[in-house]
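The values are calculated or read from the model by the stated rules, or taken from the named source; none is laboratory data. This structure is a prediction, so every number in the text was calculated from the model and none was measured. Quick reminder, even Gly has a Cβ in these numbers, built from the backbone with ideal geometry, and neighbours come from all protein chains shown. Quick note on the areas: whole protein, heavy atoms, side chains included, nothing else; ligands and nucleic acids left out. Shrake-Rupley method; radii C 1.70, N 1.55, O 1.52, S 1.80 Å.
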Amino acid sequence: MAVEVVQFLVRKFADSLAEEAVAAAELPFGAQFHDMRDELEKAAVFPANADELRECLYELNDLLAECRVLTTRPNRRSFFTQPDAWRFSKTKKRVTAVRHRVLQCVGNNPDGKAAASREDGAAATAGLDRWTTSWLGKTKIHGFGQQLAELEAKAFKDCGAAAGKLTGVGIVGMGGIGKTALAQLLFSSPRARASFCPRIWMCMSRTACAGADRRKEVLQGILMALGHEEDAILSMDGSNSLAELVIAVHQQLKGKRYLIVFDDVWHIDRWYADVVGVQNAPQRADDWSERLAFGLPKDRGGLVVVTSRLKQAAEVMVGESYLHHVQRSDSESCWAIFKDALSQEKGAVDLDTFNSMKQEILQTCGGLPLAAKTMGDIFARSSFSSPASTSTSQELSKSDHIINGNSGSLK
């Protein structure tokens, strides 16, 4: 089954690249993507290298989707986010690392030498997980109306300038349930646009880049989003650089009613604790580096949103009473998501066949929006779009295996 999954993912990657060529878009890192496609299409897949290739292909398909966003994003800034130059730098590192892993995997080594490259590849890509942004793109989001209303009521209750306090909300739930989507809807809502300036989106990876201080990366990302020159930010690299960065963030946000989203938080330690607490600055000048909270002024009101699979991580940052637990989507919302993904296929799709499979598909999705989208993508790109192809049970089994096998990357 692992070999079949790899073969499916190679086809998906190659088809996506072909679509980019038809669109005549200047895809970032296009030469590297095409080089990897050529190597993957002629490579032999063995049980010994299938697992590593599968992980590389999940990463490649995520990277390709991210580069598509960078290519098609509107050329305007109606909100603050991590600048494209910053994101390009991160993406470039990920592309380089995964290319190194792919080239090692597809060598003529059916005796299992691919496993030897896994440790090197993991070190090279440590912390370079899926990169999220605030941009909703063209994807329609189904089934979050009620949950968004509940979240807005909690988020906007005490965050106005008159209240004079920083409010925090935590969005928690299992992978694939829609935490990032819900945060994107809140971030882009008319009320958020009217209430906060600046609005900043921070993607928090599970670990830092190899050898880097994750705390500094967070602060550097905020400063980049606020328009600071990269050279000036990176020049803060002395023995007291963490304190300098915290002070710089505090000064830039002081007097502003801001919104910051920390998406996909995994860290649970004192430095991230109580970011919305009453203390506006440290009592001693030497303590600036002790807390992220010291970089977030509280005097003008504002909002901090944290998303995490770990309830404890969000609780540490914003408090237990401000958590929103994302609920599984209802069947009709999952079905709408599945059909939207299926409709992306340009060829003919036999809807009657899929309607007859509706209950099986929904049972496999399990109320997870990203699982529904993943299944739609799988069916849209498979030969099952034709009624005379693989059996229902076989295709559902393959979809279930791919979804569960990639559950670690579902957000």
Yes or no: ALA232 modelled with pLDDT under 85 and outside any loop (DSSP other than H, G, I, E, B)?
-> yes
Taking the options GLU4, GLU39, GLU52, name whichever one is assigned to a helix (DSSP H, G or I), under 20 Å from VAL106 (Cα atoms), modelled with pLDDT under 80 and of a type outside the set (Lys, Arg).
-> GLU4
State which residue is nearest to the chain's Cα centre (by Cα) when the search covers only the range 356-377 and only residues that are more than 15 Å from GLY175 (Cα to Cα) and of a type in the set (Gly, Ala, Ser).
-> GLY376
If only one of SER385, SER356, SER331 is modelled with pLDDT of 90 or more and not aromatic (Phe, Trp, Tyr), which one is it?
-> SER331
Any hit, the range 72-80, residues being modelled with pLDDT under 75, within 30 Å of ARG328 (Cβ to Cβ) and more than 17 Å from the chain's Cα centre (by Cα) | yes
Determine whether the range 323-345 contains at least one residue that is closer than 20 Å to LEU151 by Cα, touching a strand residue (DSSP E or B) at 6+ places or on another chain (Cβ under 8 Å) and assigned to a helix (DSSP H, G or I).
-> no
Here are some conditions: (1) open to solvent by 10 Å² or more (accessible area, probe 1.4 Å); (2) part of a loop (DSSP other than H, G, I, E, B); (3) not hydroxyl-bearing (Ser, Thr, Tyr). GLN220 meets all but one. Which one does it not meet?
-> (2)
Going by the conditions given, is VAL265 crowded, with 20+ Cβ neighbours inside 10 Å, touching a residue at least 40 places away in the same chain (Cβ under 8 Å) and not in a loop (DSSP other than H, G, I, E, B)?
-> no
Determine if the range 198-215 includes at least one residue that is among the β-branched types (Val, Ile, Thr), modelled with pLDDT under 90 and open to solvent by 10 Å² or more (accessible area, probe 1.4 Å).
-> yes
Taking the range 34-72, which residues are free of Cβ contacts under 8 Å to residues at least 40 places away in the same chain and open to solvent by less than 20 Å² (accessible area, probe 1.4 Å)?
-> LEU63
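To keep it simple, each residue is scored yes or no on (1) free of Cβ contacts under 8 Å to residues at least 24 places away in the same chain; (2) open to solvent by 10 Å² or more (accessible area, probe 1.4 Å); (3) basic (Lys, Arg).
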site	(1), (2), (3)
LEU245	no, no, no
ASN280	yes, yes, no
LEU292	no, no, no
PRO297	no, no, no
MET317	no, no, no
SER321	yes, yes, no
GLN327	no, yes, no
Could you tell me which residue of the range 305-315 is nearest to LEU148 (Cα to Cα), considering only residues that are of a type in the set (A, V, I, L, M, F, W, C) and crowded, with 24+ Cβ neighbours inside 10 Å?
-> VAL305
How about the range 284-302: which of its residues are more than 18 Å from ALA314 (Cα to Cα) and of a type in the set (Lys, Arg)?
-> ARG284, LYS298, ARG300
